[in-house]
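What follows is a short report on a single structure.
Read-outs throughout are calculated quantities, based only on the coordinates presented, and are distinct from any laboratory measurement. Source: prediction; values computed, not measured. Every residue, glycine among them, receives a Cβ derived from its backbone with ideal geometry; neighbour counts consider all protein chains shown.
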Amino acid sequence: MFGKTTFIVILIYVISIIVSIVVDLFSKVFLPLNVCFGFALLMAKVVCLEDDVPEYIDTDILVSGIRGERSAAKVLAALPDSYTVFQNVMVTYDNKKSEIDNIVVGKSGVFIIEIKNHNSHIVGDLQDRYWTQHKVGRGGTPYTSRMYNPVKQVGTHIYCLANYLRQNGVNTYIEGMVYFVNKTCLLSLTGNNDISVYSSSNRDEARLCRRILSGNHKLDLRSVKHICRLINRL
């Protein structure tokens, strides 16, 4: 399929040929020009007409992300109505950008929950920068790939959100969590970290909610409302 730019250029090219025939100058003037023009069009088509090349979107990853968000929303919906859940919040601080999957605000504190929807066997240490995913391809061939440690990712989220709140007069502890929502995902993780990792394959949904409800960094109603207003500004 032709892109819009190529179509317009070809249309102009055809019109120029028609005009050249009508004015009977094709053989003398327009033939060399149109040959050069046609060659230039071909080269542009092959080399540099970006609008003719569709932007690649990994639909598998996109669909997986949407399903993960829906699964997480169902789990967090079990929290009391006094808790507010914010999804897909963009926070910028000190030239660092964080797109946070879920922020939960309630009387037990502020929580960030990063959602992952992998269906592989994931191996790593909580302190490592990267983890290893063991997968099986569509043809049945096993292979491995690296993934950035989501615990590190949550650490960046906490840094950005905490400093944003501090800039606006709120100095509060933010607890981070990672939740693997895919029931087929197997985790083999070692080490310790303040950021907890939960997995749907281990039926951790209730444990995750209990952790939120039992948070040690209590907030009064006024603070909860103020933090929610600040997050709503983002």
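Ranked by the mean number of other Cβ atoms within 10 Å of their residues, highest first, the peptides 71-79, 131-139 fall in the order 71-79, 131-139. Put simply, the amide H of Phe180, placed in the peptide plane, has neighbours under 5 Å in Lys116, Tyr198, Ser199, Ser200, leaving out anything fewer than 5 places away on its chain. Charging the Cβ of each Asp and Glu at -1 and of each Lys and Arg at +1, and nothing else, the dipole of region 56-203 about its Cα centre rounds to 280 debye. Proximity of backbone amide H atoms, modeled 1.01 Å from N, is registered between Cys185 and Ser201 at under 5 Å, excluding neighbours fewer than 5 places apart on the same chain.
Karplus-based coupling profile of region 199-211, in residue order and whole Hz: 9, 5, 5, 9, 6, 8, 4, 5, 5, 5, 5, 5, 5, with θ = phi - 60° in 6.51 cos²θ - 1.76 cosθ + 1.60 and x standing for Gly or Pro. In sequence order, region 145-156 has phi-based couplings of 8, 9, 9, 5, 4, x, 5, 5, 4, 5, x, 5 Hz under the Karplus curve 6.51 cos²θ - 1.76 cosθ + 1.60, θ = phi - 60°, and Gly or Pro positions carry x.
Before anything else, pin down the relative contact order of region 84-234: Cα pairs under 8 Å, at least 6 apart, normalised by residue count, whole percent. Before the final figure, lay out each step's value.
Working: 298 pairs, mean separation 41.6, N = 151.
It comes to 28 percent, rounded to a whole number.
In sequence order, region 116-122 has phi-based couplings of 10, 10, 8, 10, 10, 9, 10 Hz under the Karplus curve 6.51 cos²θ - 1.76 cosθ + 1.60, θ = phi - 60°, and Gly or Pro positions carry x.
Dipole magnitude for region 86-149: computed about the Cα centre from +1 point charges on Lys and Arg Cβ and -1 point charges on Asp and Glu Cβ, it is near 180 debye. Subtracting the Cα-Cα distance of Arg70 and Asn216 from their residue separation scaled by 0.36 nm leaves 49.8 nm.
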